[in-house]
């Protein structure tokens, strides 16, 4: 199957610091790709360069087969929906209106219908009329996920969609994204929880210092060697009755 | 409250305030005189109502609406409830333009001060539009606006400093305090065109302002032509603010306060807020001008002084209430 999104040999700087040093990424429809790596590995930068939000010094990003720089805003929005890491909202709009912002291409009435359906899907239909700033962080995250789903894009890119969520909401978020993939979308998520990545993603991309350290099925990509060299962890993925978990301890000891 | 209902109520309030503002004034009229004014527009009382008070009220409404709309647009664009037209430095540069025209002895030429003020505002607007196209972060616009305001303020002070005639200084000062007295229909016509263009640009940008609720990056990925909408918002509010300063001098607080008055009723939506803010701004300024006229002071109060005197405490009260709700 042809990739809907590819990034090849990405090199990029933030200020003077090299944050991407030749990283690549590719995702096909029906697949959930997890991007993991320590803080500062370049996960967000990789997504942003791939979406055309950040300039590439070298390399190329293609969406739907076309260089991302050649797409106009409407074409790009038809191809990809993006949930940024930043969840701060400027105004206290009702949840329904926020979710409807995912569908600016539809007439207002239809956008609200789509928004209502997506709020239901993420389990906050009863909060449709509540102001998003009057909600808990978890509720707001669900509304923003509903906004992402309302884009109906064939590629969904979510930057740390589960940060700060309780365990149930984390699993729900990834289940919903998996359901989108099952329905034919390509999904890319960045995650810090390696266990969650291992059990929820079809493929895992491990970034380290702006380079791809490993890529493949979770069990292969998150090998003990990678855990040690990239994450400084002494551990392994373990198969349990409810899925994969990571058992690990820090490799470096606290110096006193 | 539905947006239509809110706008309808505000429109009613504006009409009511305007009727009161045309009826009342410094020289009280008797019932017979009102009757005469209504039946015979060219009589002396008719003159007072229709050629002195009416244009003044219309001008106050126009300027108030412009400031309210510009304020709501700026707050949406900068995602900051403290933004107002003055933040971009447009008001200050318009004031500088007027000060230069007065000090240069152009005050006698009809429309010269207004043209100079508008030119100053458009110059600042062009600078800020350029910046807005280049930088996405609202902080950048605010910082440049503060710098531009300070610089224009310093140059205005320099005009005072170097002005050989105290008369010119007094004239500039009076103008900077803001007023809509002695306006006629020609003045209104002059202000209408730039205001209409500015309002059109701001309303065009409305959907972009709403999308910006999600933050810069999500808005950029939303499929809306954000670069174009951003420039429209900046250019539109600069035109509105510039035309307001050109028509009535520098009038503070209306642009800041009007959006806050209707924010809750508009469900905090930066797009739905625009037209109600314009209407609320018009009501506020017509009422403020009425207060300036009927207050029994030796010298008639300047409009900018009244809006600041009333606006600042009211705004502090609003900020207090808002801060309490943010904390909870």
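Determine, yes or no, whether residue A:48 is crowded, with 20+ Cβ neighbours inside 10 Å, out of contact with any strand residue (DSSP E or B) (no Cβ under 8 Å at 6 or more places or on another chain), closer than 20 Å to residue A:3 by Cα and more than 7 Å from chain B (Cβ to nearest Cβ).
Considered against the rule, which asks whether it is crowded, with 20+ Cβ neighbours inside 10 Å, out of contact with any strand residue (DSSP E or B) (no Cβ under 8 Å at 6 or more places or on another chain), closer than 20 Å to residue A:3 by Cα and more than 7 Å from chain B (Cβ to nearest Cβ), residue A:48 comes out as yes.
When you scan segment B:35-131 for helices (runs of 4 or more DSSP H) that lie fully inside it, which ones turn up with 2 or more residues that are in contact with a helix residue (DSSP H, G or I) (Cβ under 6 Å, 6 or more places away or on another chain) and crowded, with 18+ Cβ neighbours inside 10 Å?
Of the helices (runs of 4 or more DSSP H) lying wholly inside segment B:35-131, those with at least 2 residues that are in contact with a helix residue (DSSP H, G or I) (Cβ under 6 Å, 6 or more places away or on another chain) and crowded, with 18+ Cβ neighbours inside 10 Å span B:54-78, B:90-103.
Of the numbered conditions (1) within 23 Å of residue A:104 (Cβ to Cβ); (2) more than 14 Å from the chain's Cα centre (by Cα); (3) surrounded by fewer than 24 Cβ atoms within 10 Å (Cβ to Cβ), residue A:165 satisfies every one except a single condition; which is it?
So residue A:165 meets the others, but not (1).
Return the only residue of A:59, A:69 being in contact (Cβ under 8 Å) with a residue 24 or more places away in the chain, surrounded by fewer than 19 Cβ atoms within 10 Å (Cβ to Cβ) and more than 8 Å from every other protein chain (Cβ to nearest Cβ).
A:59
Can you name the residue in segment B:212-225 that is at the interface with chain A (Cβ under 7 Å from one of its Cβ atoms) and part of a helix (DSSP H, G or I) and is also surrounded by the fewest Cβ atoms within 10 Å (Cβ to Cβ) among such residues?
Looking at residues that are at the interface with chain A (Cβ under 7 Å from one of its Cβ atoms) and part of a helix (DSSP H, G or I), I get B:217.
Of the residues that make up segment A:130-142, is at least one under 23 Å from residue A:6 (Cα atoms), within 13 Å of another protein chain (Cβ to nearest Cβ) and assigned to a strand (DSSP E or B)?
Taking every residue of segment A:130-142 in turn, none turns out to be under 23 Å from residue A:6 (Cα atoms), within 13 Å of another protein chain (Cβ to nearest Cβ) and assigned to a strand (DSSP E or B).
With the checklist (1) within 14 Å of chain A (Cβ to nearest Cβ); (2) modelled with pLDDT of 90 or more; (3) closer than 17 Å to residue B:83 by Cα in hand, flag the one item residue B:148 doesn't pass.
For residue B:148, the failing item is (1).
Tell me, which residue of segment B:195-211 that is within 14 Å of chain A (Cβ to nearest Cβ) and in a helix (DSSP H, G or I) is farthest from the chain's Cα centre (by Cα)?
B:211
Of the residues A:166, A:234, A:193, A:220, which single one is in contact (Cβ under 8 Å) with a residue 24 or more places away in the chain and touching a strand residue (DSSP E or B) at 6+ places or on another chain (Cβ under 9 Å)?
A:193
Hey, among the residues in segment A:175-195 that are under 14 Å from the mean Cα position of the chain (by Cα) and more than 18 Å from residue A:44 (Cα to Cα), which one's surrounded by the fewest Cβ atoms within 10 Å (Cβ to Cβ)?
Only one residue fits best here, namely A:175.
Can you name the number of the only condition in (1) closer than 26 Å to residue B:273 by Cα; (2) within 14 Å of another protein chain (Cβ to nearest Cβ) that residue A:116 fails?
(2)
(1) in contact with a helix residue (DSSP H, G or I) (Cβ under 8 Å, 6 or more places away or on another chain); (2) in a loop (DSSP other than H, G, I, E, B); (3) more than 10 Å from chain B (Cβ to nearest Cβ): which one isn't true of residue A:39, the others all being true?
(1)
Would you say residue B:174 is part of a helix (DSSP H, G or I) and either farther than 25 Å from residue B:63 by Cβ or modelled with pLDDT under 90 (or both)?
yes
Can you tell me which residue within segment B:233-262, out of those that are surrounded by fewer than 24 Cβ atoms within 10 Å (Cβ to Cβ) and part of a helix (DSSP H, G or I), is nearest to the other protein chains (Cβ to nearest Cβ)?
Ranking the candidates gives B:260 first.
How many residues does segment A:1-21 contain that are outside any strand (DSSP E or B) and surrounded by 16 or more Cβ atoms within 10 Å (Cβ to Cβ)?
2
Given the residues A:204, A:226, A:212, which is the only one that is in contact (Cβ under 8 Å) with a residue 12 or more places away in the chain and over 18 Å from the mean Cα position of the chain (by Cα)?
Testing whether each residue is in contact (Cβ under 8 Å) with a residue 12 or more places away in the chain and over 18 Å from the mean Cα position of the chain (by Cα) leaves just A:226.
Applying the selection to segment B:264-313, what residues are touching a residue at least 12 places away in the same chain (Cβ under 8 Å) and within 14 Å of another protein chain (Cβ to nearest Cβ)?
Of everything in segment B:264-313, those that are touching a residue at least 12 places away in the same chain (Cβ under 8 Å) and within 14 Å of another protein chain (Cβ to nearest Cβ) turn out to be B:265, B:266, B:269, B:270, B:271, B:272, B:273, B:274, B:277.
For segment B:300-313, how many residues are under 15 Å from residue B:287 (Cβ atoms) and crowded, with 16+ Cβ neighbours inside 10 Å?
9
Among the residues of segment B:20-34, count how many are touching a helix residue (DSSP H, G or I) at 6+ places or on another chain (Cβ under 9 Å), part of a helix (DSSP H, G or I), without any contact (Cβ under 8 Å) to a residue 60 or more places away in the chain and surrounded by fewer than 17 Cβ atoms within 10 Å (Cβ to Cβ).
Number satisfying all stated conditions: 3.
Being away from every other protein chain (no Cβ under 11 Å) and under 18 Å from the mean Cα position of the chain (by Cα) is true for just one of A:122, A:80. Which residue is that?
On inspection, the qualifying residue turns out to be A:122.
So, in segment A:72-114, of the ones that are assigned to a helix (DSSP H, G or I) and touching a strand residue (DSSP E or B) at 6+ places or on another chain (Cβ under 7 Å), which residue ends up surrounded by the most Cβ atoms within 10 Å (Cβ to Cβ)?
Out of the qualifying residues, it is A:76.
The values are calculated or read from the model by the stated rules, or taken from the named source; none is laboratory data. Note that the structure is predicted; figures quoted are calculated from it, not measured. All Cβ positions, glycine included, derive from the backbone under ideal geometry; neighbour counts span all protein chains shown.
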